[in-house]
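The values are calculated or read from the model by the stated rules, or taken from the named source; none is laboratory data. Computed from a predicted model, the values in this text were never measured in an experiment. Here the Cβ is made from the backbone with ideal geometry for all residues, glycine too, and neighbour counts use every protein chain on show.
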Amino acid sequence: MPAPAPGLPHLRAAPPHSPHERPLAELPLTVLVGVTGVGKSTALAALMEADPGARVLPDRRELTDHVVILPLAGGPVGDRAERFRLTALYRERHPGGMAHALGTLSADTRHWGKRPLFDGLRGLEEVRHAAEHFPRWRFVALNAPDPVRVRRLLGRADAFDRVAGSGAGADLRASLAALPGAGAVFTPAEFGGLAALAEEGHAPADILAKVRIVVTERAHYDPDAASAFLRTLPPSHALILDTVALTPAQVAQAVRAWV
């Protein structure tokens, strides 16, 4: 009998072997699309309220740990930058990245139901792979400007949001601008605004760490390209929301109406 996927309850990294199991590739998944700090938790809560019977699959972090990181690294990896490196290596070997990984699993529908939710996919490569290979999947894409994402990361106090080498110099603005790749993500004015977050009580090292996360993530996943592609899909298959223009309540209302 094929073994269950390690650490993933009621999921199997193999074709189904019972009438109750179905490949996730064939189920009508609703998939959240968005990078860190865009408001996926709010959208997920709205989806659950709209469909109380829906089940939420293990999230991207859990799938990455068990399907991507463990086979490549042989053990857990906490540093965000190193995780991005390993997931990039996985994408080199498996086009589609997380979409490919999710599509390799079969689910016991007695536990997960027949219309599960997943949080989530990122970037053009993943969403295009999912849309082209799994036509029953539907997508809720969320977007927010990068400076807003930094502020949200500072406010959520998630222990997962850490990277190595987060020491800030005496001139925080200069330290931010010196981050590799940061100039391609933030404008000079935005660096000034980010440095000013220290005046609100945020530790400079914490600000630098969160900016590094956003910059590193941007190097691997382009949310704008992903949303542009999703706009080519029928409206019944893709909902795209700006979580700055919309309040959390409006995001929830839009998601519930779409579902």
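Numbers at a glance
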read-out: Selection count where residues are on the phi > 0 side of the Ramachandran plot and either touching a Cys at 6+ places or on another chain (Cβ under 9 Å) or surrounded by 19 or more Cβ atoms within 10 Å (Cβ to Cβ) (or both), scope region 87-114; value: 2
read-out: Positions within region 38-84 being of a type outside the set (A, V, I, L, M) and not in a helix (DSSP H, G or I), in sequence order; value: 39, 51, 52, 53, 55, 58, 59, 74, 75, 76, 78, 79
read-out: So residue 35, is it in a loop (DSSP other than H, G, I, E, B) and either surrounded by fewer than 15 Cβ atoms within 10 Å (Cβ to Cβ) or hydrophobic (A, V, I, L, M, F, W, C) (or both); value: yes
read-out: Residue check for residue 29: touching a residue at least 60 places away in the same chain (Cβ under 8 Å), of a type outside the set (D, E, K, R) and within 30 Å of residue 247 (Cβ to Cβ); value: yes
read-out: Residue check for residue 42: in the same structural domain as residue 116 (by TED's automatic domain parsing) and either touching a Lys or Arg at 6+ places or on another chain (Cβ under 6 Å) or at pLDDT 90 or above (or both); value: no
read-out: Lone qualifier among 132, 92 - being assigned to a helix (DSSP H, G or I), out of contact with any helix residue (DSSP H, G or I) (no Cβ under 8 Å at 6 or more places or on another chain), at pLDDT 95 or above and more than 30 Å from residue 194 (Cα to Cα); value: 132
read-out: Every pair of residues 6+ apart whose Cβ atoms lie under 7 Å, when the first sits in region 9-23 and is in the same structural domain as residue 108 (by TED's automatic domain parsing) and basic (Lys, Arg) while the second is outside any strand (DSSP E or B) and modelled with pLDDT of 95 or more; value: none
read-out: Residue identified as in contact (Cβ under 8 Å) with a residue 24 or more places away in the chain, farther than 24 Å from residue 91 by Cα and basic (Lys, Arg) among 256, 218; value: 256
read-out: Filter result for residue 60 (buried (at least 16 other Cβ atoms within 10 Å of the Cβ) and within 24 Å of residue 147 (Cα to Cα)); value: yes
